[in-house]
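**Q** My structure is below; once you've seen it, I'll send some questions.
The values are calculated or read from the model by the stated rules, or taken from the named source; none is laboratory data. Everything numeric here is computed off the predicted structure, so don't read it as measured data. Cβ: placed from backbone, ideal geometry, glycine included. Neighbour counts: every protein chain shown. Surface accessibility is based on the protein's heavy atoms, side chains included, excluding ligands, DNA and RNA. Shrake-Rupley method; radii C 1.70, N 1.55, O 1.52, S 1.80 Å.
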Amino acid sequence: MTHDLVVVGAGPAGLTAAVTAARFGLRVAVLDAGSRAGGQYHRHRAGRPPAWPPLARLHTVEHLAEHRVWAVERTADGFAVHAVAGERDGGPVTVTGRNLLLATGAYDRQLPFPGWDLPGVLTAGGAQALIKGNGVAPGRRAVVAGTGPFLLPVAVALADAGVKVSAVLEASRPTPRAAALAPHSPARVVEAGRYALALARRRIPYRTGRAVIAAHGDDTGLTSVTVARLDADWRPRPGTSTEVACDTLAVGFGFTPQLELAGQLGCATTPDGFVAVDARQATDLPGLSAAGESTGIGGVHLAEVEGELAGYAIAGRTPPRALLRRRAALTRFAAGLRALYPVRPGWSSWSHADTLICRCEEVPRDRIEEAARLGADDVRSIKLLTRAGMGWCQGRMCAEATACVLSDVLDRPIAAPAPTRPIGVPIRLGDLAQGAS
Amino acid sequence: MSELRPSDVVVIGAGVVGAACAHYAARAGLSVTVLDRGPVAGGTTGAGEGNLLVSDKEPGPELALALLSLRLWAELAEDGPDFEYQRKGGLIVARTGAEAGAMAATAATQRPCGVTAHAVDAADLASYEPHLAPGLAGGTHYPQDAQVQPALAAAALLSSGVRLHTGVSVTGFRLGRDGRVLGVRTSHGELATGAVVNAAGTWSGAVAALAGASLPILPRRGFVLVTEPLPAMVRHKVYAASYAGDVAGDDADLASSAVVEGTPSGTILIGASRERVGFDRSFPVPVLRRLAAQAIELFPFLAGVSVLRAYRGFRPYSPDHLPVIGPDPRVPGLWHACGHEGAGVGLAPATGHLVARGLTGKDPEFDSTPFAPTRFAEVSS
Amino acid sequence: MTGASEPTPVHPPGADHFRIGVDGRPVPVEAGQTVGAAMLAAGIRSWRTTRFAGKPRGLFCGIGVCFDCLVTVNGTPSLRACLVTARPDDEVSTT
């Protein structure tokens, strides 16, 4: 059966789009890798859904949970979405639709530093997922570090789960211009203020211009981190290092969009590496739309607005003008917010010759530098010569860092290329072979 | 970027074939500049498995080239930087008695040429490959078949004695009144040289056209699946007896028979489909499915193994499936070293060796007329 | 399997609580939790070693992207512990 619309991703953007389109009578399927709809933001424990309206209308769409989409293809009259159902014992499934909406979201961007591979070092999103989705506190004593406003809710969630949070370390110094953003999104400013208050109430210090530049541990994992003050380029200021005992580090430096499915279809991307969409969330390929973080990091409110717009547009309806205005305001706010938390190049001075850049293939920094000296001057060549980015995660954790190390060696900017991943997520050969002719 | 300087030889293409030509020309005492519009091993080389095969070649000029190459790769592996040279051996398996008979007959013709080929009884297959599917009719073991990591190999060949400029496109030739090569024009300026080696892989036809010569090199698409890293499960390069027919085949449609092999990094590579579809960059799911099914047919345990990635290469092929190696009499000073299809890594050192001998006026070690660039023109005129 | 020597949390008995085995050691689970979350709650921070340097690995990204937390459940290898929802009597083997 061909659906009118297939949505990949049941987070704020994808599910909002799905239920909006379903309200206009479209037959909609939503595939998501998670076992419960909601995505990262509305992640929740089994049987305890949050009061988010689209979840209450989940029954109006065909929700395919635990469906890992590994490939999307164009067909004569739309799209074929190839997935494996069930994380452990499922089989291959192909869902077809006349329209396809990619709402694949984003994941925490990571920057390598000595010890970032120790157990106990978690991404900020991972720490939050443990708490929100499982009710499990990742440890007893935590440091939250990185950059961006997302660190605040993570610290609050950790504290509320009973973890002693020593500090939130924001590498940037974002305060001076923050006020200028207020007109665009009062709700977000109120939210930020609420988090600031929440941190203060829990006696969690919020320190800017500081970062965890190394993690230390033993056989069991993390035991402490080195914290340093940073200059404007994020180089540690000499003599400012202190050691902080902790068993958990939640770290994130903004977000990286999940673009493999968009890349498989070959739709246009923006110069800064997101899926390019028009005012109706349509890409440059007929029938293909995208919404949410994969079209630009903008947070939950913007993702929902984009999803709703996409739902209207795909159903052939004219969206309310208020919705368009709201998106414009939220987009401006998001751009301003991103500008407050740029990743500065000095982070690469945190890593040493033996610091792993690629965790999967265990490729340290000096092997990448050696390959660069052999003549590899792009990320793909580095991969071919060192295996950095060839492992299980397919460069999701290291491609940007590899590009930065390369930039250091060659002394000119090197961009991480848009991902080319014809196998979007690993698939067992037996699942792949089913249906072979 | 350092300045382009006049050289005895300019090699266009920093893939494994260009790298080998540059390496042997430099060893012969010539000054060599290598130009590539992309990075080292950015084309077919970087999308290959690094096969050094004699097992899939019938007696003839390509087998002679492959045997010479095997000797040269072994020498290079001893002297130079590491590029994961592994003399792992090939194992061809037959599913039916008829296939086994044909396979044995092929081996009998290969042996007088210097190929070592051991017949393997069905009962003995498991001692070569413990995880092979049961019920196969027999096999042939080719201990000379070997493998290198192609990108590392190309980088190693370019690591000494050669001036390398990546990110430089050749935009034209400067020819004398007599039509002889005087230099090349590039995106970064002009470069004087008396000899140009066209090792541009699938783009060799376009490079030849810049010098006013036609060369019928076309792309043939292939895919390779790469599994998760595992403890060593597959020891040889293992393929079904029908593979050699696909390699030589002229069918424009998909030809595929899985070649399964382990790598030093623990991943298992599953190749090799072949399609003549131009530079179509898509990854058609049916082709990937078929490769997976064929691999499982050879090694049933693979059904439970995850594939992490797939990569695609465009192999440069000529109408008679033989490489094009030698001087182009239409444009004195222009040499071709291209059209190796899926065997470029295997044939690279011998190709470089032949070209270097020619450039320094020495006779080739064996008859290279089957590779002559003019052979296509003669057919059509 | 390595981990801090923390006491195993005791959960009240009930329909939404069960146990899984981790290398034979009982680990309590609340229904809906992932295998990885249950192990972490039991003080198990790593359950895999890297293939070159033998370094311990456990949860990192926590949302199915990094593949650091691969684990074998009921004999099926290479499952992401952060995504696999635990089921009663699951047997997890670590390496």
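**Q** Quick one: length gained pulling A:Arg194 to A:Met1 fully straight, 0.36 nm per residue minus the C-alpha distance?
**A** 64.7 nm
**Q** Here's another thing I want to ask about it. What residues qualify as long-range amide H neighbours of C:Ala31, i.e. H under 5 Å apart, gap of 5 or more or another chain, H built at 1.01 Å from N?
**A** For C:Ala31, the qualifying residues are C:His17, C:Phe18.
**Q** Applying the Karplus parametrisation 6.51 cos²θ - 1.76 cosθ + 1.60 with θ = phi - 60° to the phi angles of region A:227-237, what ³J(HN,Hα) value in whole Hz is obtained for each residue in order, glycine and proline being reported as x?
**A** 10, 9, 7, 10, 7, 4, 8, 6, 7, x, 7
**Q** Another one. Once you put a point 7 Å from the Cα of A:Asp218 and another 7 Å from the Cα of A:Ala418, both along the Cβ direction, what distance in nm separates them?
**A** 5.0
**Q** At the nearest 100 Å², what buried accessible area, both sides summed, do you get for A and B when the probe is 1.4 Å?
**A** By this definition, chains A and B bury close to 2900 Å².
**Q** Have a look at region A:135-154 and report residues whose accessible surface goes down by 30 Å² or more when the remaining protein chains are included, against the chain on its own, probe 1.4 Å, ligands and DNA/RNA excluded.
**A** So the qualifying set is A:Val136, A:Arg140.
**Q** Oh, and also: For chain A, calculate the relative contact order in percent as a whole number, restricting contacts to Cα pairs under 8 Å that are 6 or more residues apart. Walk me through the numbers before you get to the answer.
**A** Details: 953 pairs, mean separation 78.0, N = 437.
18 percent.
**Q** What does the buried accessible surface come to for C and B, summed over both chains, with the probe at 1.4 Å? Round to 100 Å².
**A** Buried surface at the C/B interface: approximately 300 Å².
**Q** Continuing with this model, one more query. How much area per residue is accessible in region A:191-260 when the probe is 1.4 Å and only protein heavy atoms are counted (Å²)?
**A** 47
**Q** Ok, one more. When Lys and Arg each count +1 and Asp and Glu each count -1, what net charge do the other residues less than 10 Å away from A:Ala71, Cβ to Cβ, add up to?
**A** -1
**Q** Determine the shielding of peptide C:71-78 by partner chains: average, over its residues, the number of Cβ atoms on other chains within 10 angstrom of each Cβ. Don't jump to the answer; show the numbers that get you there.
**A** Working: counts 0, 0, 3, 2, 1, 5, 5, 10.
Averaged over the peptide's residues, the number is 3.
**Q** Leaving out ligands, DNA and RNA, what percent of the accessible area of chain A is carbon and sulfur, probe 1.4 Å?
**A** Carbon plus sulfur share of accessible area: 53 percent.
**Q** Here's another thing I want to ask about it. Give a residue-ordered list of calculated ³J(HN,Hα) values for region A:74-84 (Karplus: 6.51 cos²θ - 1.76 cosθ + 1.60, θ = phi - 60°; whole Hz; x for Gly, Pro).
**A** Once θ is set to phi - 60°, the couplings for region A:74-84 become 7, 10, 4, 10, x, 9, 10, 10, 9, 9, 10 Hz.
**Q** Further, regarding this structure: Assuming a ≥ b ≥ c are the square roots of the Cα gyration tensor eigenvalues, decide whether the protein assembly as shown counts as rounded (a/c under 1.5), prolate (otherwise, with a/b larger than b/c) or oblate.
**A** Prolate.
**Q** Let me ask another. Return the carbon/sulfur percentage of the accessible area of region B:57-178, one whole number, probe 1.4 Å, all protein chains in place.
**A** Numbers: 2710 of 5260 Å².
Roughly 52 percent, rounded to a whole number.
**Q** Peptide A:365-377: average number of partner chain Cβ atoms within 10 Å per residue?
**A** 3
**Q** Something else: Given a 1.4 Å probe, show me the residues in region A:389-407 buried by at least 40 Å² of accessible surface when comparing the whole protein assembly to the chain alone.
**A** A:Met390, A:Trp392, A:Gln394, A:Met397
**Q** Shape call for region A:1-105 from the C-alpha gyration tensor, a ≥ b ≥ c root eigenvalues: rounded (a/c under 1.5), prolate (a/b greater than b/c) or oblate?
**A** It comes out oblate by the Cα gyration axes.
**Q** For a test of the definition: using alpha carbon positions, the gyration tensor, and the 1.5 limit on a/c, classify region A:398-437 as rounded, prolate or oblate.
**A** It is prolate, given that a/c is not under 1.5 and a/b is the larger ratio.
**Q** Still on this structure: To the nearest hundred square angstrom, how large is the accessible surface buried between C and A, total for both chains, probe 1.4 angstrom? Don't jump to the answer; show the numbers that get you there.
**A** On the way: alone 5670 and 19760 Å², together 21740 Å².
That pair of chains buries around 3700 Å² in total.
**Q** Might you work out the accessible area of A:Cys267 for me, using a 1.4 Å probe with all protein chains in place, and round it to the nearest 10 Å²?
**A** Here the accessible area works out near 10 Å².
**Q** According to a simple spin-label model (label point 7 Å from Cα along Cα-to-Cβ), what is the distance in nm between B:Glu78 and A:Ser407?
**A** In this crude spin-label approximation the distance works out to 4.7 nm.
**Q** Nearest 0.05, what FRET efficiency do A:Gln434 and A:Asp272 give at R0 = 51 Å with Cβ-Cβ as r?
**A** That pair, A:Gln434 with A:Asp272, gives E of 0.85.
**Q** In deg cm²/dmol and to the nearest 500, what is the mean residue ellipticity at 222 nm of chain A if only DSSP H runs of at least 4 residues count, each as -39500 (n - 2.57), divided by the residue total? Don't skip to the end; give the middle numbers.
**A** Details: 13 runs with 133 residues, N = 437.
One gets -9000 deg cm²/dmol as the mean residue ellipticity at 222 nm.
**Q** Mind giving me the FRET efficiency for B:Ser31 and B:Arg180? R0 is 22 Å, r the Cβ-Cβ distance, nearest 0.05 is fine.
**A** Result of the calculation: an efficiency of 0.75.
**Q** Taking θ = phi - 60°, what integer Hz values does the Karplus form 6.51 cos²θ - 1.76 cosθ + 1.60 yield along region B:34-42, in sequence order, with x for Gly and Pro?
**A** 10, 10, 9, 6, x, x, 4, 6, x
**Q** Can I ask one more? What does the accessible area per residue of chain B come to in Å², with a 1.4 Å probe and no ligands, DNA or RNA counted?
**A** Value returned for chain B: 36 Å² of accessible area per residue.
**Q** In deg cm²/dmol, rounded to 500, what helix-only [θ] at 222 nm does chain B give when every DSSP H run of at least 4 residues adds -39500 (n - 2.57) and the total is split over its residues?
**A** -8500 deg cm²/dmol
**Q** At R0 = 45 Å, how high is the FRET efficiency between C:Thr76 and B:Ala105 if r is their beta carbon distance? Nearest 0.05 is fine.
**A** Efficiency computed from Cβ-Cβ geometry: 0.55.
**Q** For B:His188, which sequence-distant residues (separation of 5 or more, or a different chain) have an amide H within less than 5 Å of its own amide H, given hydrogens modelled in the peptide plane?
**A** Counting only residues 5 or more places away or on other chains, the set is B:Ser169.
**Q** Let me ask you something else. Students often forget the sequence filter, so: which lysines lie under 16 Å Cα-Cα from B:Lys57 once same-chain residues fewer than 8 apart are removed?
**A** B:Lys237
**Q** Would you tell me the mean number of C-beta atoms belonging to other protein chains that fall within 10 Å of each C-beta in B:305-316, as a whole number?
**A** Counting other chains' Cβ atoms within 10 Å and averaging over B:305-316 gives 5.
**Q** Next question, about the same structure. Would you grab the residues whose amide H sits under 5 Å from the one on C:Lys55? Only those 5+ places off in sequence or on another chain, please, with H modelled 1.01 Å from N.
**A** C:Thr50
**Q** Next question, about the same structure. With each label point set 7 Å from Cα along the Cα-Cβ vector, what nm distance links A:Arg280 and B:Ala122?
**A** 6.3
**Q** Hey, can you rank B:294-303, C:84-93 by average C-beta count inside 10 Å, highest first?
**A** Averaged packing, sorted descending, gives the order B:294-303, C:84-93.
**Q** Another question, then. Accessible area per residue for region A:36-110 in Å², computed with a 1.4 Å probe and the full protein assembly in place, what is it?
**A** Normalised by residue count, the accessible surface of region A:36-110 is 41 Å².
**Q** Of the peptides B:307-316, A:144-153, how do they stack up when ordered by the mean number of other Cβ atoms within 10 Å, highest first?
**A** The peptides rank, most packed first, as A:144-153, B:307-316.
**Q** Next up: Place a point 7 Å from Cα of C:Asp16 in the direction of its Cβ. Which residues in region C:57-95 have their backbone N less than 11 Å from it?
**A** Flagged as within label range: none.
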